[in-house]
There are 2 protein chains.
Amino acid sequence: MRFLIPHISSAFSSAHNRIASRLLNALPTKPQRSAVPPFLNCQPPSMAASEESLRKALAEKLSAVEAHGNAVRALKAAKASKPEIDAAIETLNNLKLEKSSIEKQLQAAVSGGDGDGALSREAFRQAAVNTLERRLFYIPSFKIYRGVAGLYDYGPPGCAVKSNVLAFWRQHFVLEENMLEVDCPCVTPEVVLKASGHVEKFTDLMVKDEKTGTCYRADHLLKDFCNEKLQKDLTISAEKAAELKHVLATLDDLSAEALGAKIKEYGITAPDTKNPLSDPYPFNLMFQTSIGPSGLSPGYMRPETAQGIFVNFKDLYYYNGNKLPFAAAQIGQAFRNEISPRQGLLRVREFTLAEIEHFVDPEDKSHPKYSEVAGLEFLMFPREEQMSGQSAKKICLGDAVSKGIVNNETLGYFIGRVYLFLTRLGIDKDRLRFRQHLANEMAHYAADCWDAEIECSYGWIECVGIADRSAYDLRAHSEKSGVPLVAAEKFSEPREVEKLVIAPVKKELGLAFKGNQKNVVEALEAMNEKEALEMKAALESKGEVEFYVCTLGKNVPIKKNMVSISKEKKKEHQRVFTPSVIEPSFGIGRIIYCLFEHSFYTRPSKAGDEQLNVFRFPPLVAPIKCTVFPLVQNQQYEDVAKVISKSLTAAGISHKIDITGTSIGKRYARTDELGVPFAITVDSTKDVTIRERDSKLQVRVSVEEAASVVKSVTDGQRTWEDVWEKFPHHTSGSADD
Amino acid sequence: MRFLIPHISSAFSSAHNRIASRLLNALPTKPQRSAVPPFLNCQPPSMAASEESLRKALAEKLSAVEAHGNAVRALKAAKASKPEIDAAIETLNNLKLEKSSIEKQLQAAVSGGDGDGALSREAFRQAAVNTLERRLFYIPSFKIYRGVAGLYDYGPPGCAVKSNVLAFWRQHFVLEENMLEVDCPCVTPEVVLKASGHVEKFTDLMVKDEKTGTCYRADHLLKDFCNEKLQKDLTISAEKAAELKHVLATLDDLSAEALGAKIKEYGITAPDTKNPLSDPYPFNLMFQTSIGPSGLSPGYMRPETAQGIFVNFKDLYYYNGNKLPFAAAQIGQAFRNEISPRQGLLRVREFTLAEIEHFVDPEDKSHPKYSEVAGLEFLMFPREEQMSGQSAKKICLGDAVSKGIVNNETLGYFIGRVYLFLTRLGIDKDRLRFRQHLANEMAHYAADCWDAEIECSYGWIECVGIADRSAYDLRAHSEKSGVPLVAAEKFSEPREVEKLVIAPVKKELGLAFKGNQKNVVEALEAMNEKEALEMKAALESKGEVEFYVCTLGKNVPIKKNMVSISKEKKKEHQRVFTPSVIEPSFGIGRIIYCLFEHSFYTRPSKAGDEQLNVFRFPPLVAPIKCTVFPLVQNQQYEDVAKVISKSLTAAGISHKIDITGTSIGKRYARTDELGVPFAITVDSTKDVTIRERDSKLQVRVSVEEAASVVKSVTDGQRTWEDVWEKFPHHTSGSADD
């Protein structure tokens, strides 16, 4: 006999969805599988229509060219007159010109009307990535051994940016919200990841080159084939193009069999060797290992940090004085053994996650600080806008919550806080949107889910997932461990409550369904109140009902003697319940990469003979806050530089002295490329200049004040504008490029 | 033909030593295998002598008791007179009393004259660990699934302490010294760890219960057996005791065969089942996994972070403007699949390391900031003091360097900086010593090595290793990768240099040594200048010399035609060399655990009816800097508390509000147990009290000033004594326990 709590085993039949919902969207290494149907993402419907008519026109023109070509050859063979042949050739040439013109239009249409845009995005990325790698923001790991795909090191400036981002995350979320931060190991025993569903379902479909054994992601091969066909082969029919687009749109939903069939149908072979491919089969993405020396305890490198929080729920709830709501947080490494990593820092095999699990009473999802964010307005992309082919639009967060577009206040609060976090880091607010999951993207138990997507040269990238996952995770671990992970609300005085009780009669069910008894019992217990009362009524009137058991995938007949459904009255002193969890999950590496792109720009050198690279990092994330340059090599200036350096260290401002004899312009350029916001140039022993990176403006400040001025403006106590207003301006050309 | 650079392959024969030297001493999970011979550690030689004579006296007394017992029985059997029997019994009883007295003395001698001390250490640890676990400083990981040995979570206060320790480490080392911080993945391909020697040599010897398959560390079983025998069996002979002590002293040097023989000889069986044990065999301590889907690329979870720095040397050197010296640093997780973890946080399977690799020109190991630490005086334990049975003593660092006890200035500089780091965290300077490695502990290439050892209830624990590893690591990766990891000193004008050239004649060597040719060639090339010139002289005078090839383990005859040794003159524009590396390596978890013990104390409650627990964390590391309490539940006070809380958040001070109705004394006790240094109690709407944790003294401060006073004293801008002097004292008994 069980009270009506959605049962875990029956929920398990859709574990794939569940895992998918959490991981496809929240985790940073996941390829950007945008769940928005491609036709919405590429172009408005009118464009799609024009593409279709262009394909038809091109097919007609090709036939016409062929027919006229034949006609010309026939005229020549029949030795027709020269004027006659010339006229035919002119017609043919005109047809060819028309064909080229249609081809060009079609080419433009299939690349989203943005052929040049794609090129310039590519060029922009090249420039940014070259600078990032040259200045060691990141480095392919183990480079001297020719590296490992999907593993990157952060070099000194990248490491500093990362550490600044994480420190701000701690300040903005953990400290500001009094969250309970924990730090759990990466090595995780199998039982934990069985409970979470990862052992069974955390897989991608893979195919192997049948001769060399090289592995590929099945969906990538099919996707690449379709995209290439659509973009490069202009002769395919409009029907074929529509079919390929449909495949792209449904790629994520294809079963192994369906994927394999398509690969066969299209004759897709191994990209490198053209060898035939195996059928697709699931490959588990977790790095497996063995704990202890016996070889008998399988373990995995955790694919997310969240499970470490869930298994500690009981202790954390106690630590919080047995009170809800509270949030726990964790920053740490997570691992995913990608089949074939690509897209640089966006899809890697090891990455840093920062995750929050905010536990709430499912009956009260209000948030005390909600009003602080309700007035924010930013780009949101609700489900409805996606389905009707519109684009993201500016919405006031408070409106979205009050209209029910965002499910509840707490979810809304975190969306707002994530917006503030990202924009304060330096993410461009016009290239940041909150996209709601479509119904088919979400697990059945999830209440609502929004991704913070940031646009970069690879498209819109999911960087933060903010999901109301209801009680799913705590229930899964309660079930597997036998330890109840619940909260209690004590009543001031006992209450009489009416409870629905579903009691399957196991003996009768066993007789009727033998080995399937357990599945039927679980499905019966998993009915919600409405379903149960309908069944009760049906059994009373008809004596038997057909009942769908999802874990069996079929209907079974339920007789009146097989289950008792009743309402019972009880006196209760407290309400015991499994808390809901609202989970903001941050892919730190993805955020940092997008931040790099949003911060990068080039500007001509003073002489105009070269492009100089600049990262416009806000002081908060800049890897080095300040450089100190003696204008010329000179002992006096160097001594002053050292004095200033000492004050900067004492103030906790990361900085660098550059006493090389290089020209001051070159030294500025070097530090602009690292995104250093301020440079102190020593050109006298009394006062110095402070230069701001983006405006290149300079003020004069006394040696004694220099460090504290830089500190105040990097700490955010005042802005550069304040400094500019207060101090005398330095206008000599000598000190800039 | 090779110029004279010590050759790597020939160094490899002692890879075990090499790994041992780095890892036994630097890594935090390593069991505390103190390399100091036990007789030095336990007691001075005079004590050892007294133990020996006590054992002899006890053996004599036991024989005497037995003999007299027999005599008494004989008298009884012979029905001797009562007075005669009584007299004999009295003699026997006196003998028994004497025996007990000797037993007691011996017991005291074998437990280091400190039987009570051991007990109180155990009780102290129990009290500390109970508090730590109850307040969630740390938690056995995956507890609801009954945990995994050697894996721990840091709960909220532990996590905050850890994050404070790491932030201070970054400030004290990375920022203060302008180090290049990097962040490399944990997943590491096999080739890297083959080059470093870990794949081959990073092992512990293991035995298996032959029936159940349970695994044990072979040296642990032997050590436990010897210790138990020595401490509990007082009847063993002095010779036997000496033998067992010798085994303990040489435990680390025993081969698998020797260990196995001892286990057989002593009849040691599996501790749990008493089943027989297998022979010892090496078990590699790295967690193994597989990178990518093919199953063909073995990888490991890194056992240390240092290798990530070494493989990036070339890029980092370039980043530093091709200048030496510079230091790179890394904080990150490392992994070690311990056979049987014990000692709580001190020996775990996953842990945080913070490592520095300071690269220097081997010909110039001076340090520009050395003078800043040269005046420090603290406990050092040089090699000589260890060998001669003395104990650690206070030495001035500058003297140790100038007398050559510490090998060089840079090594000395880091020893001083580590001392400052640990003591500022709150480590008791009287329970911190720097112990130099004995000659047999160090790898052959290491110049010098010192461990920062902290005393806790488990004894002296290696928490930081500071080693001058010479050029070993860079050479190993140069060799394996084929990428030269070198630095260059450009000469202002070309220099004529005389270079020793050793050119083995491979053909002749091949004829003479067949398959061993390569070993001989490498050994010849690895000779240093002195050896080579001696060989040259000997060959010229005698035509043949005996030459020891360590990789063959024997002498071989070298004839004159087998090698040409000459001095050549060359003009050189630069000097190319492999930098030396000085490596301070911090086991963060071990430091934190020792810090917990050093900070923990108990004091009676005001009523005297219970002991209250306190952690005396300095504000720098305290998990929460301040609590805010309304004295009684009252809306006005709560509002004031919230205003103060807001200012604290704005000032970046982590704090907690406690508005429960619990008595103020209990609330203080609760936060003392978390080591919160300051409590603000709101007992009016105008001003409040600030209480200091250890002194329990209170001052009165205005509501407006409260946050900034707490900030100034937690930031270290002023001390509590300053605050105490400046503000009016609060003396009402109402606000304390």
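All of the numbers you see were taken from the coordinates with simple rules; none came from a lab. The structure presented is a predicted model; accordingly, all values stated were derived computationally and were not measured. Glycine gets a Cβ as well: all are built from the backbone with ideal geometry, and neighbour counts include every protein chain shown.
Chain B gives an Rg/Rh value of 1.05, both radii derived from C-alpha positions and Rh following Kirkwood. The local environment of A:L595, defined by Cβ-Cβ distances under 12 Å, has a net charge of +3 under the rule Lys, Arg +1 and Asp, Glu -1. Computed from the Cα positions only, the extents of the stretch B:502-601 along the three principal axes stand at 74, 40, 23 Å, in decreasing order.
For B:K274, the aspartates and glutamates whose Cα falls under 18 Å of its own Cα, not counting residues fewer than eight places away in the same chain, are B:D209, B:E210, B:D219, B:D224, B:E228, B:E265. Dipole magnitude for the protein assembly as shown: about 2040 debye, using +1 per Lys or Arg Cβ and -1 per Asp or Glu Cβ, origin at the Cα centre. Counting beta carbons within 10 Å around each of A:D694, B:D204 and listing the fewest first gives the order A:D694, B:D204. The separation of the stretch B:151-214 from the stretch A:132-211, counted between C-alpha centres, amounts to 16 Å.
Paramagnetic label reach from A:T212 (point 7 Å along Cα→Cβ; backbone nitrogen cut-off under 15 Å): within the stretch A:321-354, residues A:340.
Neighbours of A:D224, meaning other residues whose beta-carbon lies under 12 angstrom from its beta-carbon, give a summed charge of +3 when Lys and Arg score +1 and Asp and Glu score -1. Remark: label point of B:Q636 defined 7 Å out from Cα along the Cα-Cβ vector; separations to the same position in other copies 6.4 nm, ascending. Near the amide H of B:K499, within less than 5 Å, lie the amide hydrogens of B:E568, B:K569, B:K570, all on another chain or at least 5 residues away, with H placed in the peptide plane.
Scanning chain B for the Cβ atom closest to the axis that brings B onto A yields residue and whole-Å distance B:T289, 2.
Per-residue mean of foreign Cβ neighbours for B:128-141 is 2 (Cβ atoms of other chains, 10 Å radius). In this assembly of identical copies, the label point of B:G608 (Cα plus 7 Å along Cα-to-Cβ) is separated from its counterparts by 9.1 nm, sorted shortest first. Relative to the Cα centre, the charge distribution of the stretch B:624-735, modelled as +1 at Lys and Arg Cβ and -1 at Asp and Glu Cβ, gives a dipole magnitude of about 200 debye. Close amide H partners of A:A327, meaning residues 5 or more places away or on another chain with modelled amide H under 5 Å apart, are A:L180, A:F359. Could you give the distance between the Cα centres of the stretch A:346-364 and the stretch A:365-410, to the whole Å? Cα centroid of the stretch A:346-364 versus Cα centroid of the stretch A:365-410: 20 Å apart. Farthest toward the positive end of the dipole of chain B, out of B:V207, B:V406, B:F615, is the Cα of B:V207, where the dipole comes from beta carbon charges about the Cα centre. Taking the alpha-carbon distance from A:K559 and a cut-off under 26 Å, which lysines remain once sequence neighbours fewer than 8 residues away in the same chain are dropped? Straight-line reach from A:K559, under 26 Å: A:K499, A:K506, A:K507, A:K514, A:K518, A:K530, A:K536, A:K542, A:K567, A:K569.
Taken residue by residue and averaged, Cβ atoms of other chains lying within 10 Å of the Cβ of B:533-539 number 0.
Taking only the C-alpha atoms of the stretch A:131-213, Rg followed by Dmax gives 19.2, 57 Å. Using θ = phi - 60° in the Karplus curve 6.51 cos²θ - 1.76 cosθ + 1.60, the 3J(HN,Hα) couplings for the stretch A:346-351 round to 7, 9, 10, 8, 9, 7 Hz; x is entered for Gly and Pro. Pairs of alpha carbons in the stretch B:433-522 separated by more than 15 Å make up 78% of all such pairs. Charging the Cβ of each Asp and Glu at -1 and of each Lys and Arg at +1, and nothing else, the dipole of chain B about its Cα centre rounds to 1080 debye. Around B:T660, under 14 Å between beta carbons, what's the net of Lys plus Arg minus Asp minus Glu among the other residues? Within the 14 Å Cβ shell, the charges total +3. FRET efficiency for the A:A503 to A:E377 pair, using the beta carbon distance and R₀ = 56 Å, is estimated at 0.60. Farthest towards the positive end of the charge dipole of chain A, among the residues A:G675, A:L193, A:Q307, is the Cα of A:L193, using unit charges on the Cβ of Lys, Arg, Asp and Glu.
Amide H contacts for B:S290 (H built 1.01 Å from N in the peptide plane; partners 5 or more residues away or on another chain; cut-off under 5 Å): A:Q288, B:G299. Between B:R146 and A:K490, what FRET efficiency follows from the Cβ-Cβ distance if R0 is 35 Å, with the result rounded to 0.05? Efficiency, from the Cβ-Cβ distance: 0.70.
Contact order, relative form, for the stretch A:624-735: 27 percent (alpha carbon pairs under 8 Å, 6 or more residues apart, mean separation divided by residue count).
Counting only aspartates and glutamates at least 8 places from B:K403 when in the same chain, those with an alpha carbon closer than 17 Å to its own are B:E377, B:E384, B:E385, B:D448. For the stretch B:645-737, trypsin sites (Lys or Arg not before Pro) meeting the loop criterion (DSSP other than H, G, I, E, B) and having at most 11 other Cβ atoms within 10 Å: B:K686. Rounded to whole numbers, the Karplus 3J(HN,Hα) couplings from phi for the stretch A:76-92 are 4, 4, 7, 6, 5, 6, 4, x, 4, 5, 4, 4, 5, 5, 4, 4, 4 Hz, using 6.51 cos²θ - 1.76 cosθ + 1.60 with θ = phi - 60°, and x at Gly and Pro. Take the cross-link list A:K162/B:K480; A:K201/B:K208; A:K666/B:K323 and give me the ones stretching past 28 Å between alpha-carbons. Over 28 Å apart, Cα to Cα: A:K162/B:K480; A:K201/B:K208. Whole-Hz Karplus values for the stretch B:718-731 come out as 9, 9, 4, 4, 4, 5, 4, 6, 7, 9, x, 7, 9, 10 Hz, taken residue by residue from phi with 6.51 cos²θ - 1.76 cosθ + 1.60 and θ = phi - 60°; glycine and proline positions read x. Treating each Cα of the stretch A:44-111 as one equal point scatterer and applying the Debye formula with no solvent, the log10 of I(q)/I(0) at q = 0.15, 0.22 Å⁻¹ comes out as -0.55, -0.84.
Per residue, the average separation of C-alpha pairs within less than 8 Å and at least 6 apart gives the stretch A:420-466 a relative contact order of 30 percent.
Placing a label point 7 Å from Cα along the Cα-to-Cβ axis, A:S492 is separated from the same position in the other copies by 8.9 nm, shortest listed first. A dipole drawn for the protein assembly as shown from +1 and -1 charges on Cβ atoms has a positive end, and of A:L230, B:T649, B:L425 the residue lying farthest that way is A:L230. Cβ crowding within 10 Å, taken as a proxy for footprinting-reagent exposure, orders A:Y138, B:Y317 from fewest neighbours to most as B:Y317, A:Y138.
Taking GluC sites (Glu not before Pro) in DSSP loop states with no more than 12 other Cβ atoms inside 10 Å as exposed sites, chain A has its longest site-free stretch at A:1-362.
Among the residues of B:165-174, the average count of other protein chain beta-carbon atoms within 10 Å of the residue beta-carbon is 2. Projecting label points 7 angstrom from Cα along Cα→Cβ for B:D399 and B:N130 puts them 4.5 nm apart.
Taken over the alpha carbons of the protein assembly as shown as equal point scatterers, the Debye sum produces base-10 log I(q)/I(0) values at 0.05, 0.08, 0.09 Å⁻¹ of -0.50, -1.22, -1.47.
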